[in-house]
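K.L.:
The structure follows.
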Amino acid sequence: MIYRQLGSTDMKVSALSFGASPLGSAFRPVTEADGIRAVHAALDLGVNFIDVSPFYGLTVAESLLGKALKGIDRKKYYMATKVGRYGPADFDFSAARVMRSVEESLGRMGLDYVDIIHCHDIEFGDLRQVVHETLPALRKVVAAAKRDTSASRAFP
């Protein structure tokens with residue numbers, strides 16, 4: 001597997017990432033067993049970057065990832081999730097929802113932290129709200145993670 005440094009972070013991510021939308025049956029039904037096998041196979045082959053969203057399968061993908069990653073050393077992968085989109089037409093970029101979304105995602109995946117958080121499909125939201133409310137809320141999440149010494153690798 002080829003690894004590349006991600007921007008100015010200390011993260012060396014695999015050139016191929018595991019996009020977890022199929023775990024939420026985005027394209028066809030996926031059984032829990034098949035989803036877990038797919039995640040394990042990707043990790044075994046050197047993929048170390050996983051991307052998911054609460055929108056994928058309406059939280060099913062995050063929940064299945066939580067099962068697949070149980071017992072796997074957290075230092076073996078980087079996790080990215082998203083905030084802002086929660087259903088086909090359910091967009092909420094408010095600070096309160098963003099903060100709640102991060103906690104919910106962590107709970108579904110059984111993680112103490114994620115490495116990257118994306119704002120999902122901002123073109124469907126109010127860009128002023130994203131800039132003045134969503135991003136400051138995410139900065140608070142980052143600041144809280146940096147204070148948390150239990151995470152071996154918080155947000156860069």
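K.L.:
Roughly how many debye, to the nearest 20, is the charge dipole of region 3-147 about its Cα centre, given +1 on each Lys and Arg Cβ, -1 on each Asp and Glu Cβ, and no other charges?
P.N.:
Numbers: 19 positive and 17 negative charges, 86 e Å.
Dipole of region 3-147, to the nearest 20 debye: 420 debye.
K.L.:
Taking a spot 7 Å from the Cα of Y3 along the direction of its beta carbon, which residues of region 78-115 have an amide N less than 14 Å from it?
P.N.:
The answer is 78-79, whose backbone nitrogens lie closer than 14 Å to the label point.
K.L.:
What residue among D115, D92, D44 has the largest mean-square fluctuation in a Gaussian network model of the chain, using Cα springs under 10 Å?
P.N.:
Evaluated over the chain, the most mobile residue of the options is D44.
K.L.:
Quick check on the chain: helices-only [θ] at 222 nm, where DSSP H runs of length 4 and up contribute -39,500 (n - 2.57) each and the sum goes over total residues. Nearest 500, please. Mind dumping the intermediate values first?
P.N.:
Numbers: 4 runs with 51 residues, N = 156.
The helix-only estimate for the chain comes to -10500 deg cm²/dmol at 222 nm.
K.L.:
With a 10 Å cut-off between alpha carbons and a GNM built on the chain, which of E62, E32, E123 moves the most?
P.N.:
Result: E123 has the largest fluctuation of those listed.
K.L.:
Right, here's the next one. Pull up the cross-link candidates among the lysines for K140, meaning alpha carbon to alpha carbon under 22 Å and not fewer than 8 places away within one chain.
P.N.:
Counting by Cα, and skipping residues close in sequence, K140 has these lysines nearby: K82.
K.L.:
What residue among G110, G19, G71 shows peak mean-square fluctuation when the chain is described by a Gaussian network model with Cα springs under 10 Å?
P.N.:
Per the Cα network of the chain with a 10 Å cutoff, G71 tops the list.
K.L.:
Pull up all non-local amide H partners of F49: gap of 5 or more, or a different chain, and H-to-H distance under 5 Å with H placed in the peptide plane.
P.N.:
Amide H to amide H, under 5 Å and 5 or more residues apart or across chains, F49 pairs with S14, F18, Y78.
K.L.:
What are the lysines whose alpha-carbon lies under 19 Å from the alpha-carbon of K12, with same-chain residues fewer than 8 places away excluded?
P.N.:
Partners within reach: K75, K76.
Read-outs: derived from the displayed coordinates by stated rules, not from any lab. Note that this is a predicted model, so its numbers are computed, not measured. For neighbour counting, all protein chains shown are included, and Cβ atoms are generated from backbone atoms with ideal geometry for every residue, glycine included.
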